[in-house]
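K.L.:
Below is a structure I'd like to ask you about.
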Amino acid sequence: MEQLIQQTAAGLANGAIYALLALALVMIFVSTDHINFAQGEMAMFSAYLTWQFIQWGANFWIALPLVMVLSFAIGVGIERSILRPLHNAPVLSVVVVFIGLLTIFHALAGGIWTHTIKAVPSPFPQVSFPGSGYIGAHQLGMIVVTIVMLFALFAFFRLTPLGLAMRAAAQNPASARLAGISVDWMLALGWGLAAAVGAVAGSMVAPAVYLEPNMMASILLYGFAGALVGGISSPGGAVAGGFIVGVLENLIAYFGNVIERATGLYIVGNGEKLTVALIIVITVLTLKPNGLFGHVTVKRV
Amino acid sequence: MATTTTTPVATADTASSSSFVWRYRYWLLLIVVPLLLIAAGKAGLISNFQFLQLSLMIVYAIAVLGLILLTGFNGQISLGHGAFFAVGAYTAAILIDQAGWPFWATLPAAALMCFIVGYLFGLPALRLEGHYLALATFALAVAVPQILKYRHIEPLTHGVMGINVFKSDPPFGLPLSTDQWMFLVVVAIAALMFWVARNLLDSRTGRALIAIRDHSMAASTMGVNVSHYKAAMFGISALYTGVAGALHGIIFEFVAPDSFRFELSIAILVGAVVGGIASLWGAVIGGIFVQVIEKYADAATKAISSAVHLPLELEPWLIYGIALIILMYTMPMGIAGGVAALLRRMKRS
């Protein structure tokens, strides 16, 4: 039983990261209908930036905001320079450009910082607290940071005029343009915000998994799974989906382990995490493409 | 200039020399060029290693052709063709390793296996379009190495150790080295598969496939059974890429889960996009590109970074990425598409 609680708590902690990535994916999807395959590598790149600032002597909590600002700038820059000309391009062109970005960030990170694994110190103090037998300080920290980010973003989109303008631009670009909103810049801002959220995800997960250019591949896959489970058109749903797949990932491995001990038959374990994500993605896409919280879109001829 | 262009369209209309040689020029080239290469190999001008490289180019061309048939002619995006490449390679390797089949007999088996796997994957994929299909196949590509390491198939796949395959010597006591013999085999199979692909696209089926790509709803009102064609096309595409995978395993003499990482799927995609996504010639160009990049990008990037004293080490993937993005702006139809457009313009002026 204790192990079950531990696994669930660890799942929630991983889920927090998936939720952040899913949120970043949804932000870009809602406004542009694009699925950003480079999101994970961008987050990985941001995590390297954080590590670099720490190497230069900065405190983690000073480095993180700096990196968020930098990532925001990178995100805006990519949207303005690379994706702007492709707004009406066929899906294939857009997907190919995203794959191009993915490989570029991957190669840049490997080229600048080499492929050797780097340890990132956890920014959270190793103190014991009630329930610390079930969850580590860093894991709890990841969950808290994610929730803080969520509330900050929620407040931004609900309470500020800029947030309102961005929502308008995403929902109905034509009317928003008539109301005097610069839709193009709103899209670029959305990209910047997504990159900044991704930067938090990357920097938070780096202490847990070690820093290396491949670190985000499997995390991105779970981010996709989370976004799909929650509904890729719904930010709140994506966050819930992220937590759900995080817990699901650990529980499947846990029960696989239980079954193996009980019956001696190995079905699924830690080695099948990516396969589980693949199955989640395909199942959701085929059975309920709008996810748990997404809204149904009707296709017009 | 217009008289020297040899596009198929031009020759169909204006070919004055309809002689036997001209009519079958591609087939003759296919026989003469490999034989010349073999002769050069006998004379010691081309090493066995270079024959291996040539074979790999052709193998990648077949793999790229599979993706081009699916994406370029049927409009279904796949980021996960490395998976089918892996299925083909493993089918061939397991049959050779466990059942002792001769290599040539494993190719139809790999083809059949990949058709089935591709068809089955194509069924759920029917409901997916554009970005969603890209996403599903992306997930497949990322998960492939892990699936190959699954514990219950380890007796067949030998897990992370991979399978060693041994090349067979040329039959009938032909005076050829193994690499030269395999090169001829690969050329023959590639010729067959390109010929089938061309005829498929020229047929009623091909027109239906292209109609689905251009407007699936309009195609279905015209009586095209969209889901049937799309799933079948997924199977055929997987078959092509799978045969390429089987050939790769055989000439490379080794298969292991980590040869089929996400990078492989990307390489196939890059080949298709660079070569020309809606052109059979694009597959040839793409195959050459993939092999050349794999072989020389490392050396090239190292040379560049040392020449201009960059503070960072350039990596081959950087070339992939930059090539992809630049091509999408300048030649969205790839090199083959760009050349065709250029020829058309030159003919008009």
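K.L.:
Residues that are under 24 Å from B:VAL284 (Cβ atoms), within 14 Å of chain A (Cβ to nearest Cβ) and of a type in the set (A, V, I, L, M, F, W, C): does segment B:107-117 have at least one?
P.N.:
no
K.L.:
Scan segment A:183-206 for residues that are of a type outside the set (Gly, Ala, Ser) and either under 17 Å from A:ARG84 (Cα atoms) or at pLDDT below 85 (or both) and report the count.
P.N.:
Adding up the residues that qualify gives 8.
K.L.:
Next question. On the given criteria, is B:PHE194 buried (at least 16 other Cβ atoms within 10 Å of the Cβ), more than 14 Å from chain A (Cβ to nearest Cβ) and within 21 Å of B:GLY235 (Cα to Cα)?
P.N.:
Judged against the criteria, B:PHE194 is a match.
K.L.:
Going by what's in this entry, would B:VAL284 be described as surrounded by 17 or more Cβ atoms within 10 Å (Cβ to Cβ), facing chain A (nearest Cβ under 9 Å) and aliphatic (A, V, I, L, M)?
P.N.:
no
K.L.:
Taking the condition of being hydrophobic (A, V, I, L, M, F, W, C), surrounded by fewer than 24 Cβ atoms within 10 Å (Cβ to Cβ), more than 14 Å from every other protein chain (Cβ to nearest Cβ) and touching a residue at least 60 places away in the same chain (Cβ under 8 Å), how many residues in segment A:199-227 meet it?
P.N.:
So the count comes out to 2.
K.L.:
Select, from B:ALA299, B:ALA341, B:ALA323, the only residue that is surrounded by fewer than 19 Cβ atoms within 10 Å (Cβ to Cβ), modelled with pLDDT under 80 and part of a helix (DSSP H, G or I).
P.N.:
Within the list B:ALA299, B:ALA341, B:ALA323, the selection yields B:ALA299.
K.L.:
In addition: What's the number of the condition B:VAL274 fails, among (1) in a helix (DSSP H, G or I); (2) over 11 Å from B:VAL64 (Cα atoms); (3) within 14 Å of chain A (Cβ to nearest Cβ)?
P.N.:
Every listed condition holds for B:VAL274 apart from (2).
K.L.:
Output the residues belonging to segment B:133-167 that are farther than 24 Å from B:THR106 by Cβ and facing chain A (nearest Cβ under 8 Å).
P.N.:
Residues satisfying the conditions are B:ALA134, B:LEU135, B:ALA136, B:PHE138, B:ALA139, B:VAL142, B:ALA143, B:GLN146, B:ARG151.
K.L.:
Assuming B:LEU36 fulfils every condition listed in (1) surrounded by fewer than 24 Cβ atoms within 10 Å (Cβ to Cβ); (2) touching a helix residue (DSSP H, G or I) at 6+ places or on another chain (Cβ under 7 Å) apart from one, which condition is it?
P.N.:
Just one mismatch for B:LEU36, condition (2).
K.L.:
To continue, here is another question. Take segment B:179-191 and flag every residue that is within 22 Å of B:LYS42 (Cα to Cα) and either surrounded by fewer than 16 Cβ atoms within 10 Å (Cβ to Cβ) or touching a residue at least 60 places away in the same chain (Cβ under 8 Å) (or both).
P.N.:
B:ASP179, B:GLN180, B:MET182, B:PHE183, B:LEU184, B:VAL185, B:VAL186, B:VAL187, B:ALA188
K.L.:
Out of A:GLY133, A:GLY180, I need the residue that is part of a loop (DSSP other than H, G, I, E, B), more than 20 Å from A:SER71 (Cβ to Cβ) and modelled with pLDDT of 85 or more. Which one?
P.N.:
From the options A:GLY133, A:GLY180, the qualifying one is A:GLY180.
K.L.:
Filter the helices (runs of 4 or more DSSP H) completely within segment A:33-114 down to those with at least 1 residues that are within 11 Å of chain B (Cβ to nearest Cβ) and more than 30 Å from B:GLY275 (Cα to Cα).
P.N.:
Correct list: A:91-113.
K.L.:
Criterion first (at pLDDT 90 or above and either away from chain A (no Cβ under 14 Å) or surrounded by 19 or more Cβ atoms within 10 Å (Cβ to Cβ) (or both)) does B:GLY223 satisfy it?
P.N.:
So B:GLY223 does not fit the description; no.
K.L.:
Please find, among A:LEU285, A:LEU248, A:LEU274, the residue that is in contact with a Ser or Thr (Cβ under 7 Å, 6 or more places away or on another chain), surrounded by 15 or more Cβ atoms within 10 Å (Cβ to Cβ) and closer than 27 Å to B:ARG127 by Cβ.
P.N.:
A:LEU274
K.L.:
Within 21 Å of B:LYS230 (Cβ to Cβ), in contact (Cβ under 8 Å) with a residue 60 or more places away in the chain and not in a helix (DSSP H, G or I) - does that describe any residue in segment B:64-76?
P.N.:
Checking segment B:64-76: at least one residue is within 21 Å of B:LYS230 (Cβ to Cβ), in contact (Cβ under 8 Å) with a residue 60 or more places away in the chain and not in a helix (DSSP H, G or I).
K.L.:
Does segment B:46-63 contain at least one residue that is part of a helix (DSSP H, G or I), more than 14 Å from chain A (Cβ to nearest Cβ) and within 25 Å of A:PHE37 (Cα to Cα)?
P.N.:
The answer is yes; a qualifying residue exists.
K.L.:
Next question, about the same structure. Just to verify a result, which residue in segment A:207-262, among those that are closer than 16 Å to A:ILE35 by Cα and outside any helix (DSSP H, G or I), is nearest to the chain's Cα centre (by Cα)?
P.N.:
So, considering only residues that are closer than 16 Å to A:ILE35 by Cα and outside any helix (DSSP H, G or I), the one nearest to the chain's Cα centre (by Cα) is A:ILE232.
K.L.:
Also, quick follow-up: Restricting to segment A:263-286, name every residue that is within 23 Å of the chain's Cα centre (by Cα), at pLDDT below 80 and more than 9 Å from every other protein chain (Cβ to nearest Cβ).
P.N.:
Scanning segment A:263-286 gives a single hit, A:ASN270.
The values are calculated or read from the model by the stated rules, or taken from the named source; none is laboratory data. Model, not experiment: these values are computed from the prediction. Here Cβ is always computed from backbone atoms with ideal geometry, including for glycine, and neighbour counts include all displayed protein chains.
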